[in-house]
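Working notes for the structure below.
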Amino acid sequence: MTRPRLIVSDLDGTFLRPDGTISPTNQTAVARAAEFGIPFVAATGRPIRWLGPVTECGYAHPLVIASNGAVLWDSAAGKAVEHSGIDRDCARQLVERLHEGIPGLSLGLETVNGFRCEPGTPTYEPEPEIAATPDLLATTEPVLKILGFHLELGSAALDERATVLVGDLATVTHSAVDFPGLMEISALGVSKASALVRLCERLGIDASEVAAFGDMPNDTAMLTWAGMPHVVANGHPSLLAAGFPVVGSNAEDGVGRQILALLD
């Protein structure tokens, strides 16, 4: 078995245990990869401020793909290496189309420095900046993602409806299955895959040399691009049906066990 030259993994539902912690097996696997000079890169939908697990994983590469590829973050330097935000005029069109086309939708904006959302948005953010709809885009910070929340529609249904409404302007995906429904919108063409491509260009690594792990629709493009893709057993049905090799679930340390197997 050929060893990869780079390992990239989603965090929630994939590398992290169901309780959000890093298992000893996964820690060992990342440390073992580092011994071979193989970078372990996290690729997550999480915003910059939620990247604590990367810091906890001491042997992980400092560059992190965050916000579904909208940011390449240097966790060691504490700054963005690059970001691909949504153009302001485009963001206004997105907000207008989404509100007109999906009644009951509430929206939030992920920016470089925080999160702001409309009143009543069912977000997990502890202290969001609240802004009424006309003022939602009244920020000078780059808009990394637009998040849509709905109390009656699930994430897949939201994704499908939003893609019809704004798929010509932006990239729509989702990484949650529970209610309230949550969809995630990035600039057109921006995904974990697009950020991974640029990172590999920096490091001189070919797609065929990349081992990737994921569990949700927002990982699909990344898994399709990587030469050694893997889906965890608890992954979304669409990924499990896509023909990618399946490893153990995140509760079974599937990522860590497969990394150790690839290194043997």
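The values are calculated or read from the model by the stated rules, or taken from the named source; none is laboratory data. On a predicted model such as this, the values are computed, not experimentally measured, just so you know. Counting neighbours? That spans all protein chains shown, and the Cβs are built from the backbone with ideal geometry, glycine included. We work out accessible area using only protein heavy atoms, side chains counted, and drop any ligands, DNA or RNA first. Shrake-Rupley method; radii C 1.70, N 1.55, O 1.52, S 1.80 Å.
Give me the residue from the stretch 174-190 that is in contact with a strand residue (DSSP E or B) (Cβ under 9 Å, 6 or more places away or on another chain) and open to solvent by 20 Å² or more (accessible area, probe 1.4 Å) and, out of that set, nearest to residue 40 (Cα to Cα).
In the first step, residues of the stretch 174-190 are kept if they are in contact with a strand residue (DSSP E or B) (Cβ under 9 Å, 6 or more places away or on another chain); the result is 174-176, 179-190.
Still in the running and open to solvent by 20 Å² or more (accessible area, probe 1.4 Å): 175-176, 179-180, 182, 188-189.
Working: 175: 21, 176: 24, 179: 32, 180: 32, 182: 28, 188: 27, 189: 24 Å.
So the residue we want is 175.
Go through the stretch 111-135 and give me each residue that's acidic (Asp, Glu) and open to solvent by 40 Å² or more (accessible area, probe 1.4 Å).
Our first condition is that a residue be acidic (Asp, Glu); within the stretch 111-135, this holds for 118, 125, 127, 129, 135.
Residues satisfying the conditions are 127, 129, 135.
In the stretch 140-155, which residues are touching a residue at least 40 places away in the same chain (Cβ under 8 Å) and either surrounded by 15 or more Cβ atoms within 10 Å (Cβ to Cβ) or not in a loop (DSSP other than H, G, I, E, B) (or both)?
Matches in the stretch 140-155: 142, 143, 144, 145, 146, 147, 148, 149, 150, 153.
Let me spell it out: the conditions are (1) assigned to a strand (DSSP E or B); (2) in contact with an Asp or Glu (Cβ under 7 Å, 6 or more places away or on another chain); (3) of a type in the set (Ser, Thr, Tyr), and residue 175 meets all of them except one. Which number is the exception?
The failed condition is (1).
Count, please, the residues in the stretch 95-110 that happen to be open to solvent by 30 Å² or more (accessible area, probe 1.4 Å), free of Cβ contacts under 8 Å to residues at least 60 places away in the same chain and not acidic (Asp, Glu).
Total meeting the criteria: 3.
Among the residues that make up the stretch 191-210, is at least one of them open to solvent by 40 Å² or more (accessible area, probe 1.4 Å) and under 13 Å from the mean Cα position of the chain (by Cα)?
The answer is no; no qualifying residue exists.
Here are 17, 92, 5: which of them is over 16 Å from residue 213 (Cβ atoms), touching a residue at least 12 places away in the same chain (Cβ under 8 Å), among the basic types (Lys, Arg) and open to solvent by 30 Å² or more (accessible area, probe 1.4 Å)? Outline the logic, then answer.
On the way: 17 fails: over 16 Å from residue 213 (Cβ atoms); 5 fails: over 16 Å from residue 213 (Cβ atoms).
The match here is 92.
Might you let me know whether the stretch 75-84 holds any residue that is assigned to a helix (DSSP H, G or I), surrounded by fewer than 21 Cβ atoms within 10 Å (Cβ to Cβ) and among the basic types (Lys, Arg)?
As a first pass, look at the stretch 75-84 and keep what is assigned to a helix (DSSP H, G or I): none.
No, there is no match, as no residue in the stretch 75-84 is assigned to a helix (DSSP H, G or I), surrounded by fewer than 21 Cβ atoms within 10 Å (Cβ to Cβ) and among the basic types (Lys, Arg).
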